[in-house]
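Notes for the one structure printed next.
The values are calculated or read from the model by the stated rules, or taken from the named source; none is laboratory data. The structure displayed is predicted, hence computed values, not measured ones. So basically every Cβ, Gly included, is an ideal-geometry build from the backbone, and we count neighbours across all protein chains shown. These area figures cover heavy atoms from the full protein model, side chains too; ligands, DNA and RNA do not enter into them. Shrake-Rupley method; radii C 1.70, N 1.55, O 1.52, S 1.80 Å.
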Amino acid sequence: MAAQPKAPDLKALQDILGGTLIWVGIAFLAFMLFLFNTLRIEEVSGEEVGFLLNKINGKIEVIPQSGKQIYNGLTKQFYVLDKTLQVLEMTEVVGRGERAGKDDLKIKTVDGSDVYVDIKVQYKIDGNRADEVLATSGPSDSYKQKWARDYVRSICRNHLGELTTEEFYDAAKRNGKLLAARTESNERLQPFGIIIDSIVIPRRPHFYKEYEDM
């Protein structure tokens, strides 16, 4: 007589399925935790240039368009830089400009006089070379100090120092030197991704008191 088929052990089946579901649940939870800890969402505004720095190979991906960016936080780092027109003001007026104290330029003319001038500079990041700004200046706004301020200040001092004391009173000659300073500044700063839009002297230059009295 043929043996009757054995009824399935429902309890054993339930144990197997139950154990499987538990492991599936654990795996799903681990996956969600992984996503939560690795996926990042950042936003680039219309006034910014975004960057994704690959932590493994050091390559920089520029994100020129605005909008939300999703990336893997384990392998990439997100940065933004302001691409709007910036103003750098070096002035003798205390409490105004880039420095808290007196910050105007002391110019030595070709005939030996000391002239003091305020300088106002408008500049911005070159959107086509934004990755070079990040590579040469880092992710902060240190390019403002490292390149824009130091270069322009030095170049303006050199060009304005080519004037005589009398020529400093001639606005056309002063502006000519400022135009030359802007041209040289752009040539020097191009490798660092910075464009100088304008350089002006917003206030009347002045000499040391004895000379002005004379």
Report summary line: Within region 76-101, residues being of a type outside the set (A, V, I, L, M, F, W, C), within 26 Å of V44 (Cβ to Cβ) and not in a strand (DSSP E or B) number 2
Query - Given (1) more than 28 Å from D141 (Cα to Cα); (2) modelled with pLDDT under 90, number of the condition G176 does not satisfy - result: (2)
Query raised in the report: Is it true that V44 is open to solvent by less than 30 Å² (accessible area, probe 1.4 Å) and under 23 Å from F192 (Cβ atoms)?
Result: yes
Requested in this report: Inspect region 27-41 for any residue being under 30 Å from D197 (Cβ atoms), at pLDDT 75 or above and of a type in the set (D, E, K, R) and give the result as yes or no.
Outcome: no
Query raised in the report: K59: modelled with pLDDT under 85 and over 16 Å from V133 (Cβ atoms), yes or no?
Result: no
**Report entry** Residue ID - nearest to W147 (Cα to Cα), chosen from residues in region 79-113 that are at pLDDT below 85, within 23 Å of the chain's Cα centre (by Cα) and of a type outside the set (D, E, K, R)
**Finding:** L81
